[in-house]
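Notes follow once the structure below has been shown.
The values are calculated or read from the model by the stated rules, or taken from the named source; none is laboratory data. Remember, it's a predicted structure, so these values are computed and weren't measured experimentally. Note that each Cβ is placed from the backbone with ideal geometry, even for glycine, and that neighbours are counted across all protein chains shown. Accessible surface is based on the protein model in full, side chains and every heavy atom, while ligands, DNA and RNA are left aside. Shrake-Rupley method; radii C 1.70, N 1.55, O 1.52, S 1.80 Å.
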Amino acid sequence: MGNYCKELAALGTPVKRIVLSGYYGFHNSGDEAVLQSILLALKEQGERQGVTYVPVVLSINPEETARTYGVEAAHRMRPAEVWRTLRGADGLISGGGSLLQDETGTKTIPYYIGIIRLAQWLRKPVFIYSQGIGPVHRPFFYGWIRSAFNRCAFISVRDDESKALLGRMGVPADRVEVVPDPVMGLSLREQRSPKGDTLTKPVIGVSVRFWNEDRLELRAVADALKHVLEQSDAHIRFLPFHLPSDEQASLYVMEHMGELYKERMSIAPPIDHPQDMLAEVASCRVLVGMRLHSLIYAAGQFVPMVGVSYDPKIDQFLNRLGIKAACSTQKPDANALAEETLRLWNGVEAWKREKQPAIERLKVEAGRPAERIVAYFAGRFKGN
């Protein structure tokens, strides 16, 4: 992407340095897919509207991020480096992903709001890119978010629930656009080097993570998958989205399924690039997912998916396709999970016909934030 930008700059195309702030560089395939999706959308829209972008990504591992995506990168936890990066930029994109939530601790919201406010203090336009807002359990964060968002040039969120929460915080509804997660617009790479084993049996992809301390949800997944294998000729392919924890969760489920099914299970090797994980999902007949982006990957590739919900964001995404989670981590239900997986296993084509119009619409709408941002710098969009 760096060479591409230099070539267009040489032709006299306007060049804009844009900083991207998100959960990048942590080996989470979902968040890396968000980054890749935004980069590709900006490039596509830049070509259409005649604006060249030089992306600079704030990452916990800037060397790896720069190498993987061909972009500039800066260390997200080095204040002086962040300051220099923002001072030399033309704007900031915050998102996507679930950045503004305090479910996982009290430091997340202050960090991301701090980046936004620093950019605003430096008089840089800030664009909120398809974020999932919340849950926010501590009301004192409401004022922080409201103050920062009301100074943004453009705000987009990935579901109606996020928009409603911002409304309760005091962000005017007419300033917030609801768009799909950017990963809905991610496409497969034209060429991909094979990695790992080649499977001959039809595959059920499984994305699991640790959640309950007693692991009851993972044992329910194991029981459900055993029943599915008894009723089908499927091969179970575990897809770790967040390394190394998801790999350990996958091994936990495999262990509880027992030796009898050992030859009908495998686990994908570590995958660095999100489009390679997308290819893994695309090769599945059905996907069972706890990770949000495993479900989004599946939808984008028209793979029937079965959700196990641990967070409202899972339900919110599935709702956009008229789907309900088979069960939740609060109430694990092996029977319901097995029943829904087998139903989709035996009805793939009917599912695709039913869901294709909604999926196609979401794929188109996923590019809208990039279109708005590029139009802003091209002088055709003044912000919302």
(1) modelled with pLDDT under 95; (2) part of a helix (DSSP H, G or I); (3) of a type in the set (A, V, I, L, M, F, W, C) all hold for Phe381 apart from (2)
Within the range 81-97, residues being under 26 Å from Pro180 (Cα atoms) and surrounded by fewer than 23 Cβ atoms within 10 Å (Cβ to Cβ) number 2
Pairs returned, first residue in the range 168-187 that is at positive phi and surrounded by fewer than 24 Cβ atoms within 10 Å (Cβ to Cβ), second residue that is assigned to a loop (DSSP other than H, G, I, E, B) and modelled with pLDDT of 95 or more, beta-carbon separation under 8 angstrom, 6 or more apart or interchain, are Gly170/Asn150
| Is it the case that some residue within the range 353-375 is in contact with a strand residue (DSSP E or B) (Cβ under 9 Å, 6 or more places away or on another chain), open to solvent by 20 Å² or more (accessible area, probe 1.4 Å), over 30 Å from Thr104 (Cα atoms) and in a helix (DSSP H, G or I)? | yes
Scanning the range 215-254 for residues that are more than 27 Å from the chain's Cα centre (by Cα) and open to solvent by 10 Å² or more (accessible area, probe 1.4 Å), the one farthest from Cys327 (Cα to Cα) turns out to be Asp233
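Quick one: would you say Phe141 is modelled with pLDDT of 95 or more, touching a Pro at 6+ places or on another chain (Cβ under 8 Å) and in the same structural domain as Gly22 (by the TED database)?
Numbers: modelled with pLDDT of 95 or more: yes; touching a Pro at 6+ places or on another chain (Cβ under 8 Å): no; in the same structural domain as Gly22 (by the TED database): yes.
When the stated conditions are applied, Phe141 does not pass them.
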Among the residues that make up the range 273-295, is at least one of them in contact with an Asp or Glu (Cβ under 8 Å, 6 or more places away or on another chain), over 21 Å from Arg215 (Cβ atoms) and either surrounded by fewer than 21 Cβ atoms within 10 Å (Cβ to Cβ) or not assigned by the TED database to the domain that holds Val348 (or both)?
yes
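Going by the conditions given, is Ala336 over 21 Å from Glu103 (Cα atoms) and open to solvent by less than 20 Å² (accessible area, probe 1.4 Å)? Walk me through how you get there before you give the answer.
Details: over 21 Å from Glu103 (Cα atoms): yes; open to solvent by less than 20 Å² (accessible area, probe 1.4 Å): no.
Against the criterion (over 21 Å from Glu103 (Cα atoms) and open to solvent by less than 20 Å² (accessible area, probe 1.4 Å)), Ala336 does not qualify.
Residue check: is Ala80 more than 30 Å from Glu280 (Cα to Cα), without any contact (Cβ under 8 Å) to a residue 24 or more places away in the chain and over 22 Å from the mean Cα position of the chain (by Cα)?
Working: more than 30 Å from Glu280 (Cα to Cα): yes; without any contact (Cβ under 8 Å) to a residue 24 or more places away in the chain: yes; over 22 Å from the mean Cα position of the chain (by Cα): yes.
So Ala80 fits the description; yes.
Yes/no matrix, rows are residues, columns are (1) open to solvent by 30 Å² or more (accessible area, probe 1.4 Å); (2) in contact with a helix residue (DSSP H, G or I) (Cβ under 9 Å, 6 or more places away or on another chain); (3) among the aliphatic types (A, V, I, L, M):
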site	(1), (2), (3)
Ile116	no, yes, yes
Phe127	no, yes, no
Gly132	no, yes, no
Arg138	yes, yes, no
Gly143	no, yes, no
Ala153	no, yes, yes
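Among the residues of the range 232-284, which ones are part of a helix (DSSP H, G or I) and of a type in the set (Lys, Arg)? Explain how you work it out, then say what you get.
Taking the range 232-284 and keeping what is part of a helix (DSSP H, G or I), we get 245-257, 259-264, 274-282.
Once the filter is applied, which keeps residues that are part of a helix (DSSP H, G or I) and of a type in the set (Lys, Arg), the range 232-284 yields Lys262, Arg264.
For Pro62, state whether it is surrounded by fewer than 18 Cβ atoms within 10 Å (Cβ to Cβ), within 30 Å of Asp311 (Cβ to Cβ) and either free of Cβ contacts under 8 Å to residues at least 40 places away in the same chain or not hydroxyl-bearing (Ser, Thr, Tyr) (or both). Give the derivation first.
Values: surrounded by fewer than 18 Cβ atoms within 10 Å (Cβ to Cβ): no; within 30 Å of Asp311 (Cβ to Cβ): yes; either free of Cβ contacts under 8 Å to residues at least 40 places away in the same chain or not hydroxyl-bearing (Ser, Thr, Tyr) (or both): yes.
It is false that Pro62 is surrounded by fewer than 18 Cβ atoms within 10 Å (Cβ to Cβ), within 30 Å of Asp311 (Cβ to Cβ) and either free of Cβ contacts under 8 Å to residues at least 40 places away in the same chain or not hydroxyl-bearing (Ser, Thr, Tyr) (or both).
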